[in-house]
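Some notes on the structure that comes next.
Read-outs: derived from the displayed coordinates by stated rules, not from any lab. Small disclaimer: the values here were computed from a predicted structure and weren't measured. Reconstructed Cβ throughout: ideal geometry from the backbone, glycine too, with neighbour counts over all protein chains shown.
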Amino acid sequence: MIQVADCQSVMLYDPHQKVIANIHSGWRGSVLNIIGKCVDQMVLDFGCRPEKLLAGISPSLGPCCAEFIHYKKEIPEHLWKYKQGDRDNFDFWAMSQDQLAEKGVRKENIRNMETCTKCRTDIFFSYRGEKTVKRFASVISMI
Ligand SMILES: [Zn+2]
């Protein structure tokens, strides 16, 4: 279980090796490709095959609300392709999907809820939307 309020929870499941992971990926984690590093670790430690992994991206800050006015200092230039036109917003969902795909996770095995936490403060906590310290939990388990 991890706790988030705008950050992504990226859940991975390898049904063959019976391995699960739950990655807390905020924008700093996205910039550092924590998702790709986790997939690499699953391969090394558990013999997982990325093409067999199932991945899910939790409700989190969407491209509609992920504004980074200081992006030139905070986000490396090779990731500026995720910037939304003239706006200083970034599509971290697409970035995560690409980071998974770059490691060999099949696009059809990636599910993104595409639910923005800042737009949906009626059902999720959003740090950006509410300046709250409250979090919601993202849980994965294996029976
Ligand atoms: Zn939004």
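Would you calculate a helix-derived [θ] at 222 nm for the chain, using -39,500 (n - 2.57) for each DSSP H run of n ≥ 4 and dividing by the full residue count, to the nearest 500? Intermediate values should be presented prior to the final figure.
On the way: 5 runs with 37 residues, N = 143.
Theoretical 222 nm ellipticity from helices: -6500 deg cm²/dmol.
Might you report the magnitude of the Cβ-based charge dipole of the range 2-138 about its Cα centre, with Lys and Arg at +1 and Asp and Glu at -1, to the nearest 20 debye? Before the final figure, lay out each step's value.
Numbers: 20 positive and 17 negative charges, 41 e Å.
The dipole magnitude comes to about 200 debye.
Given all pairs of different Cα atoms, what value in angstroms does the Kirkwood hydrodynamic radius of the range 20-103 take?
Here the Kirkwood hydrodynamic radius works out to 13.6 Å.
Obtain the nm distance between the two label points defined at VAL31 and LYS81 by a simple spin-label model: each point lies 7 Å from its Cα along the Cα-to-C-beta direction.
2.0
Give me the extension gain from HIS24 to GLU74: residue separation times 0.36 nm, minus the current Cα-Cα distance, reported in nm with one decimal. Show your work: numbers first, answer last.
Details: separation 50, 0.36 × 50 = 18.00 nm, distance 1.85 nm.
This chain segment gains 16.2 nm when fully extended.
Express the relative contact order of the chain as a whole percentage, based on alpha carbon pairs under 8 Å and six or more residues apart in sequence.
33
Need the list of lysines near LYS52 for cross-linking: C-alpha distance under 16 angstrom, and skip anything on the same chain fewer than eight residues off.
Reachable lysines: LYS18, LYS103, LYS107.
Can you spot the aspartates and glutamates whose alpha carbon is less than 18 Å from LYS37's alpha carbon? Ignore those fewer than 8 places along the same chain.
LYS37 reaches ASP14, ASP45, GLU51, ASP98, GLU102.
Between GLU67 and ARG111, what length comes free when the chain is fully extended (0.36 nm per residue of separation minus the Cα-Cα distance, one decimal in nm)?
Numbers: separation 44, 0.36 × 44 = 15.84 nm, distance 2.32 nm.
Length gained between GLU67 and ARG111: 13.5 nm.
How high is the relative contact order of the range 52-123, given as a whole-number percent (alpha carbon pairs under 8 Å, six or more residues apart)?
Once divided by the residue count of the range 52-123, the mean separation gives 53 percent.
Give, as a single signed number, the net charge of other residues whose beta carbon lies under 12 Å from the beta carbon of TRP80, with Lys and Arg counted +1 and Asp and Glu -1.
Values: positive: LYS72, LYS81, LYS83; negative: GLU74, GLU77, ASP88, ASP91.
Once all neighbours under 12 Å are counted, the net charge is -1.
Please give the Cα centre distance for the range 82-143 versus the range 11-72, rounded to the nearest Å.
10
Specify the angular offset, from 0 to 90 degrees and rounded to the nearest 10, of the alpha carbon long axis of helix 34-46 from the longest principal axis of the alpha carbons in the chain.
Compared with the principal axis, the helix lies near 10 degrees.
Report, to the nearest 10°, how far helix 92-102 tilts away from the longest principal axis of the Cα atoms in the chain, using its own Cα long axis and a range of 0 to 90°.
The two axes meet at around 30 degrees.
Setting aside same-chain residues fewer than 8 positions from LYS118, which lysines have a Cα under 25 Å from its Cα?
LYS72, LYS73, LYS81, LYS83, LYS131, LYS134
Based on the alpha-carbon set only, what is the convex hull volume of the chain divided per residue, in Å³? Provide the component values of the computation, followed by the final result.
Values: hull volume 16.0 nm³, N = 143.
Normalising the Cα hull of the chain by residue number yields 112 Å³.
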